[in-house]
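Single-structure report; data block below.
Only the coordinates and a few stated rules stand behind these numbers; no lab work does. Because the structure is a prediction, the values reported are computed rather than measured. Please note: Cβ atoms are built from the backbone with ideal geometry, for glycine as well, and neighbour counts cover all protein chains shown.
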């Protein structure tokens, strides 16, 4: 795993070196900087395949030069195909395969490759820069564009100097807790979307973006459940197998959940020796599921490592958030993710994970909510508005707030979007136009669950989950590989009937039935706490002074589009223990930390 950089802006080499040094954790093994024509290439290498210096980047072949971040899992197959066409190779790396493959096929290489990647290739003959990002958006790609000047990087931090803050992006962040593509925190700096490629024509000073892969209209397979389970099992085995290729130590993250248990089980089955599995537990039993992971590890016979953490172990990482997540990012599970990678790095450089299973196989609690309220949503909106009056809600009792959301939502699609957007509760003026970038989910399926799953993949997975995992792992120079993010698994899952994945409240049905072949169901079918930490409690107690000082009147008044009075009321209610307003407070705190670090 690595960090890439490319620009046509005239910088001194020392300035480029300083920029790369700020994200040196992405690739501490080697820093390469090369000038070709009027371009400056930079690369930070974390050596995974072919550790020899011959695989350093930037790498050139004839008139092409590449900077590449990621892994091409099927590179050996592509190399053999290219060898049959007469090409010779100087290295054992996937970088050279990618470069020569592009030389031969151009953009037609993209459907052939399976991996997680972000790369840029400069063609000195055509004066074009071709850049691309993987289908699922696992690897990041930021770029600055100002008519003719451009700057590309794996993280936004090196691109922030002298850039103005995008006020609209702050509104989006306060709504969602992250900033979705194509937006970023800075004006004229963008994220390249997942499954997209970009061409910069240096002669005409033109930039074009195209999609080479996307989700599409669901075509259900005519297949029995037994056959579907067998085919998925085979596919998952291959997705794990190709992710076990490494010239450095490799392990697997193993929590108390189904997804990581299945990935670790498959990895152990294919390994000739015991794999290393890693789990962190918490001294607060409410958030600890390490004992479940230990049961899993005992059954699959892995070399398991459990680290029990006290609250201060997590709290000590709060200052690291802004530095590593160099754009405002408010998913509090980033904190235990950082700690998990910190511990894993003591033993391995590559780790498998179960990320992506919930999206494709309907594992989140909001899928339950959609099922519960689906019949309500079918009622005419005028009738639902009438039934939302307190006199009717009081008859329902303790779950009235869940029903109220369904009664007050105009359409099924709005109900789905409310899962991912709070629609500006603490904003003076709601800023929801950004959702138009993700509107295609409405057309791919008639099922409310599949619609929500698709928006989960295109919006939340790309911009939240993948960002969390990439930054937390790269912070400690660990490469995380997620078999459930293999595009073949995603496509196969979407082709299965809903009841293969979600049946009468049984989430991830088909994954559970596969996992039963490795771990008895009574052991893995236990309540899951999730990868969460008690941020809400900490801000009332251990972090109270820090929060009071950070979220002062002076700072709040500078936050664009914020309802300061509304927020202060939410803050006071939370600190008094009257309401849990953690998400709103944490987002403002994260924003303040980002301001302090980068402004």
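The figures follow:
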{"read-out": "Gain in span if fully extended, residue 526 to residue 168, counting 0.36 nm per residue against the direct Cα distance", "value": "124.7 nm"}
{"read-out": "Least to most buried among 40, 223 (fewest other Cβ within 10 Å first)", "value": "223, 40"}
{"read-out": "Residues 23, 33, 498, 72, sorted so that the one with the fewest Cβ neighbours within 10 Å comes first", "value": "33, 498, 23, 72"}
{"read-out": "Difference of contour (0.36 nm per residue) and Cα-Cα distance, residue 54 to residue 573", "value": "180.9 nm"}
{"read-out": "FRET efficiency, residue 491 to residue 425 (Cβ-Cβ, R0 41 Å, nearest 0.05)", "value": "0.70"}
{"read-out": "Label of the coordinate-derived value, log10 I(q)/I(0) by the Debye sum over Cα atoms at q = 0.07, 0.10, 0.13 Å⁻¹, listed as (1) -0.63, -0.98, -1.32; (2) -0.43, -0.92, -1.59; (3) -0.39, -0.82, -1.43", "value": "(2)"}
{"read-out": "Region 397-505 shape via C-alpha gyration tensor axes, a/c threshold 1.5", "value": "oblate"}
{"read-out": "DSSP-defined antiparallel bridges as percent of all bridges, the chain, nearest 5", "value": "75 percent"}
{"read-out": "For region 535-598: rounded, prolate or oblate by the Cα gyration tensor [a/c cutoff 1.5]", "value": "oblate"}
{"read-out": "The chain, helix-only ellipticity at 222 nm - DSSP H runs n ≥ 4, -39,500 (n - 2.57), divided by all residues, nearest 500", "value": "-11500 deg cm²/dmol"}
{"read-out": "Prolate/oblate/rounded call for region 13-116, Cα gyration tensor, a/c under 1.5 rounded", "value": "prolate"}
{"read-out": "Spin-label model distance (nm) - residue 201 vs residue 446, 7 Å beyond Cα toward Cβ", "value": "4.4 nm"}
{"read-out": "Those residues of region 351-380 whose amide nitrogen sits under 19 Å from the label point placed on residue 411, 7 Å along Cα→Cβ", "value": "370, 374-380"}
{"read-out": "Inter-part distance where region 572-589 and region 427-486 are each reduced to a Cα centre, Å", "value": "25 Å"}
{"read-out": "Label zone at residue 80, where the point sits 7 Å out along the Cα-to-Cβ direction: region 236-273 residues whose backbone N lies under 19 Å", "value": "237-246"}
{"read-out": "Footprinting exposure proxy for 153, 196 (fewest neighbouring C-beta atoms within 10 Å first)", "value": "196, 153"}
{"read-out": "Cα principal axis extents for region 2-211, largest first, Å", "value": "53, 36, 34"}
{"read-out": "Distance in nm between pseudo-label sites at residue 310 and residue 37 (7 Å out along the Cβ direction from Cα)", "value": "5.9 nm"}
{"read-out": "Contour excess over end-to-end distance, with Cα ends at residue 283 and residue 90 and 0.36 nm allotted per residue", "value": "64.3 nm"}
{"read-out": "Amide N proximity, region 1-34 versus residue 148 label position 7 Å along Cα-to-Cβ, cut-off under 16 Å", "value": "8-11"}
{"read-out": "Per-pair calculated FRET efficiency, R0 = 56 Å: residue 247 and residue 209 via Cβ, rounded to 0.05", "value": "0.95"}
{"read-out": "10 Å-binned pair-distance histogram of region 366-452 (Cα, whole percent)", "value": "15, 45, 33, 7"}
